Amino acid sequence: MTEVYTLLAVRSNVVAPLDRPSNYKDSQARLDRQQQESALSKSTTLYVGNLSFYTTEEQIYELFSKCASPEEGGGLKRIIMGLDRNTRTPCGFCFVEYYTHAEALACLRYISGTKLDERIVRCDLDLGYKEGRQFGRGKSGGQVRDEHRQDYDAGRGGWGAMQKAEQERRAAEEARRKEREGVYADAQEGPGAVAGGGGDWQQTADPSAQLKRRRDDEDDEDEADRAVVRARAD
């Protein structure tokens, strides 16, 4: 029996509780670690991440209301959708507010790590929503994590912002290159064509210029013949 109690004690120290908040510290919160832990121990707000850009507020409400307990004076208070700072469209996170701390802890136990819209959502206790926190903090307007993402994620706008910008830059360079090639090809084939690279001069498309050059050549030949006749006569 003593061995059983010892084993249970070891397991309790090894297995982390599901309702334990993460070690994440909001860089914009003016609190030290101890003050933050104290605030989180009473928090009724959850930060929910890794959402699809296409997940709706109604879907979030349906899932997170399962941990609400209105019969005990609680309930789901409100949902604040995270938005792209520039486009004002959902960018993959939200805040969920309850009336009690116990409901927020229940979400950590039973919802965090489950799937919503085929994505594993992450929940964490939050210090509390303030106006302005609904907007992404990335340079492109969305979340910072989507700035540096190298993989393609259809649920989060495709490629990461930096990867997408690089692809657009390459596409623009390719378009300019093709445009330059088209201009060069027109110069070789159109009226008043120029010489091709290393090739013969292409004939001009102006027939009058060709006729004039032919007449000049004929006049030169006639003049040479007359000069020969005069020399013989002398």
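The values are calculated or read from the model by the stated rules, or taken from the named source; none is laboratory data. Predicted model only: the values in this text are computed from it and were never measured. Ideal geometry is used to build each Cβ from the backbone, glycine not excepted, and the neighbour counts take in all protein chains shown. SASA here: full protein model, heavy atoms, side chains in, ligands and nucleic acids out. Shrake-Rupley method; radii C 1.70, N 1.55, O 1.52, S 1.80 Å.
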Going through the stretch 38-64 one residue at a time, which ones are more than 20 Å from G128 (Cβ to Cβ) and out of contact with any Lys or Arg (no Cβ under 7 Å at 6 or more places or on another chain)? Y54, T55, T56, E58, Q59, E62, L63
Scanning the stretch 147-159 for residues that are touching a residue at least 12 places away in the same chain (Cβ under 8 Å), in contact with a strand residue (DSSP E or B) (Cβ under 7 Å, 6 or more places away or on another chain) and of a type outside the set (G, A, S) gives R156
Considering residues of the stretch 137-162 that are open to solvent by less than 50 Å² (accessible area, probe 1.4 Å) and assigned to a helix (DSSP H, G or I) only, the residue modelled with the lowest pLDDT: A161
Between L46, L63, L108, L31, which is open to solvent by less than 90 Å² (accessible area, probe 1.4 Å) and either in contact with a Phe, Trp or Tyr (Cβ under 6 Å, 6 or more places away or on another chain) or part of a loop (DSSP other than H, G, I, E, B) (or both)? L31
Here is a check on your reading of the model: is F93 at pLDDT 95 or above and either out of contact with any strand residue (DSSP E or B) (no Cβ under 7 Å at 6 or more places or on another chain) or open to solvent by 30 Å² or more (accessible area, probe 1.4 Å) (or both)? no
